[in-house]
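The structure under discussion appears below in the form of structure tokens.
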Amino acid sequence: MISFFNVSKVYPNGVNALRGVSLQIETGEFVFIVGPSGAGKSTLIKLIFREELPTKGQIYIDGRSVIRMRSRDVPYLRRQIGMVFQDFRLLSDRTVFENVAFAMKVVGAGRSEITARVPEVAKLVGLEKRLDDYPTQLSGGEQQRTAIARALVNKPSIIIADEPTGNLDIDTSWGIMDCFRDINEQGTTVIIATHAKEIVDVMRQRVIAMNCGQVVRDEQRGVYANAT
Amino acid sequence: MYTPMPLRKINYIFQEVFRSLKRNSLLNFAAAGTTAISLFVLGIGMLLMINIDQIANTVESNVEIMVYLEDDISENEAHSMEPSFNRISGVKEVVFVSPDEGLELLEGWMGKGSDLGSLSEENPLPNAYKIKTGDPREVGAAAAEIERLPGVDNVRYEQGVVEKLFALTEWVRIIGLIVIVLLAVSAIFLIATTTRLTFYARRKEINIMKYVGATDWFVRWPFLLEGVILGFVGALLAVGVLYLSYGTLTMKLQQAITFLPLVTDSSDMLIIYGILLGLGVLLGAIGSSISVRKYLRV
Ligand SMILES: Nc1ncnc2c1ncn2[C@@H]1O[C@H](COP(=O)(O)OP(=O)(O)OP(=O)(O)O)[C@@H](O)[C@H]1O
Ligand SMILES: [Mg+2]
């Protein structure tokens with residue numbers, strides 16, 4: 001469970017990216033975060049895995065304060081969270097297999113664990129036949145699936161994606177979203193910041209709408225924007 | 001915070017280091033090269049210093065006081081004076097030189113072909129003593145004291161040479177030290193720059209590492225190791241070149257000037273080469289940790 005209590009974030013340059021945000025995301029939920037550019041979606045996400053610290057307020061994950069956490073415990077917080085980005089962030093000199101295995105090596109997994117687990121997640125995202133290809137040999141959607149596989153491989157309890165379909169066409173985007181839905185159905189919390197109105201409107205999941213650093217709407221089975 | 005790591009992490013770190021060394025080969029070549037040059041010059045400085053030291057010591061230990069006794073002192077009387085020389089503070093070695101031996105010494109200094117042959121029939125040289133002090137710096141005081149002893153006619157030593165030599169070796173040591181420190185600093189700087197560039201080249205990887213929950217030490221190790229390897233390879237290069245060129249140089253020099261007391265003792269050389277290799281590793285470690293410390297605050 002993720003809880004924000006009255007969280008504000010002012011960047012060093014004076015930009016007030018979040019203003020008193022309070023929200024709660026239960027374990028196993030599927031949540032869209034929507035809102036215009038500059039609303040503070042990415043900032044909210046960065047606070048969850050402690051890339052940034054809030055200026056004010058408290059954040060808890062499973063009852064543990066993210067803010068008061070010692071910095072040497074941060075890696076272990078991040079192992080609980082799988083991150084997916086708009087620009088995939090794959091290592092271009094490594095194959096799909098190596099990219100996914102990289103995340104396991106970083107947390108100290110052994111060779112046999114890796115050779116067993118990587119094909120397993122690759123299958124989950126539909127990439128089991130592309131393990132030996134390099135990112136440049138893949139389509140955008142396949143690259144994003146690789147990134148998702150990497151985020152999943154250490155079995156995190158939360159998956160956070162910041163505009164995961166921002167660089168993809170609508171059909172491909174649907175494939176990626178199906179992927180997230182499968183992951184969510186296995187019990188993983190999924191949080192997605194997105195501008196993909198068509199998808200949000202069809203999937204009817206919980207929607208947290210932001211504007212100017214504030215939560216302006218939070219509804220179950222919501223849509224991208226209320227008709228005004 | 002350092003925690004001992006399992007073998008597979010070590011294995012992983014080595015994989016990463018070699019991957020990086022292979023990929024940034026040009027950069028790494030430059031770093032190892034500059035380290036090699038720095039250590040090479042440093043090595044030259046060290047070799048120069050130990051040789052000057054050795055030459056200076058040889059010259060210093062050859063500085064002796066020739067004590068000529070008065071003409072009317074017989075050989076027996078001369079021998080009885082020996083204890084009074086030994087009593088003088090700083091005196092280490094007292095050798096009696098008979099007139100005949102004195103003549104031989106003279107011949108040795110002036111060359112066999114010189115016109116001394118006629119002298120041997122009626123040797124005009126007095127009985128004499130050759131005296132050495134333990135510390136060459138005591139030559140002046142000892143000579144003055146010897147001159148005051150009864151029966152001593154004349155005292156000779158290379159006045160001033162000793163003092164000048166000491167001043168010179170002192171300066172060589174100071175300048176050599178400054179040069180060596182400057183070179184070491186520049187080597188550290190170069191390795192730091194290289195690590196920083198490697199780091200820059202790999203920032204995407206580091207970023208991903210941090211996102212998937214790598215500990216700081218896990219990210220640091222490959223960079224530190226890379227610096228150490230670069231420093232070591234550079235030192236190895238420097239030592240190799242030094243070894244080959246110094247061997248040839250000393251051989252040629254000693255063929256040309258046979259009495260030159262150069263350092264060719266292999267155990268002395270081993271120490272210098274060992275120091276250079278150790279320094280390479282140390283410089284690599286310092287250089288890489290400087291940039292890692294500065295740039296790893298992710
Ligand atoms: N590192 C930073 N330093 C300073 N200001 C920042 C930083 N990151 C974001 N901001 C500012 O904070 C505000 C919120 O940015 P944020 O990235 O959270 O928006 P967003 O909702 O993700 O927008 P988008 O939909 O375009 O991704 C913006 O005004 C942005 O310029
Ligand atoms: Mg954003």
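The table below gives the values:
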read-out: Within region A:92-106, considering residues that are crowded, with 18+ Cβ neighbours inside 10 Å and within 8 Å of chain B (Cβ to nearest Cβ), the one nearest to ligand 2 (Cβ to nearest atom); value: A:A103
read-out: Complete set of residues in region A:44-68 that are open to solvent by less than 20 Å² (accessible area, probe 1.4 Å), of a type in the set (A, V, I, L, M) and in a loop (DSSP other than H, G, I, E, B); value: A:V66
read-out: Of all residues making up region A:208-228, the number that are open to solvent by less than 70 Å² (accessible area, probe 1.4 Å) and within 16 Å of ligand 2 (Cβ to nearest atom); value: 7
read-out: Residue among B:V172, B:V185 that is away from chain A (no Cβ under 14 Å), over 20 Å from B:L279 (Cα atoms) and in a helix (DSSP H, G or I); value: B:V172
read-out: Residue identified as modelled with pLDDT of 95 or more and within 13 Å of chain B (Cβ to nearest Cβ) among A:R111, A:R150, A:R89; value: A:R150
read-out: Conditions (1) part of a strand (DSSP E or B); (2) more than 22 Å from A:T43 (Cα to Cα); number of the one not met by A:E142; value: (1)
read-out: Test: residue in region A:32-54 that is more than 19 Å from A:Q205 (Cβ to Cβ), of a type in the set (G, A, S) and more than 16 Å from ligand 1 (Cβ to nearest atom); value: no
read-out: Cβ-Cβ under 6 Å pairs, at least 6 apart or on other chains, region A:14-28 side more than 16 Å from ligand 2 (Cβ to nearest atom), far side among the polar types (S, T, N, Q) and open to solvent by 30 Å² or more (accessible area, probe 1.4 Å); value: A:R19/A:Q214; A:G20/A:N6; A:S22/A:N6
read-out: Unique residue being open to solvent by 50 Å² or more (accessible area, probe 1.4 Å) and either within 14 Å of chain A (Cβ to nearest Cβ) or over 28 Å from A:T95 (Cβ atoms) (or both) when the list is B:V263, B:V239, B:V233; value: B:V233
read-out: Failed criterion for A:V121 (all others in (1) under 28 Å from A:I2 (Cβ atoms); (2) open to solvent by 20 Å² or more (accessible area, probe 1.4 Å); (3) in contact with a Leu (Cβ under 6 Å, 6 or more places away or on another chain) hold); value: (2)
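Yes/no matrix, rows are residues, columns are (1) more than 16 Å from ligand 2 (Cβ to nearest atom); (2) more than 23 Å from A:R78 (Cβ to Cβ); (3) free of Cβ contacts under 8 Å to residues at least 40 places away in the same chain:
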residue: A:A122; (1), (2), (3): yes, no, yes
residue: A:V125; (1), (2), (3): yes, no, no
residue: A:N154; (1), (2), (3): yes, no, no
residue: A:I170; (1), (2), (3): yes, yes, yes
residue: A:I176; (1), (2), (3): yes, no, yes
residue: A:C179; (1), (2), (3): yes, no, no
residue: A:E185; (1), (2), (3): yes, yes, yes
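The values are calculated or read from the model by the stated rules, or taken from the named source; none is laboratory data. Small disclaimer: the values here were computed from a predicted structure and weren't measured. All Cβ positions, even for glycine, are placed from backbone atoms using ideal geometry, and neighbour counts span all protein chains on display. Just so you know, the surface numbers come from the protein's heavy atoms only, side chains and all, with ligands and any DNA or RNA stripped out. Shrake-Rupley method; radii C 1.70, N 1.55, O 1.52, S 1.80 Å.
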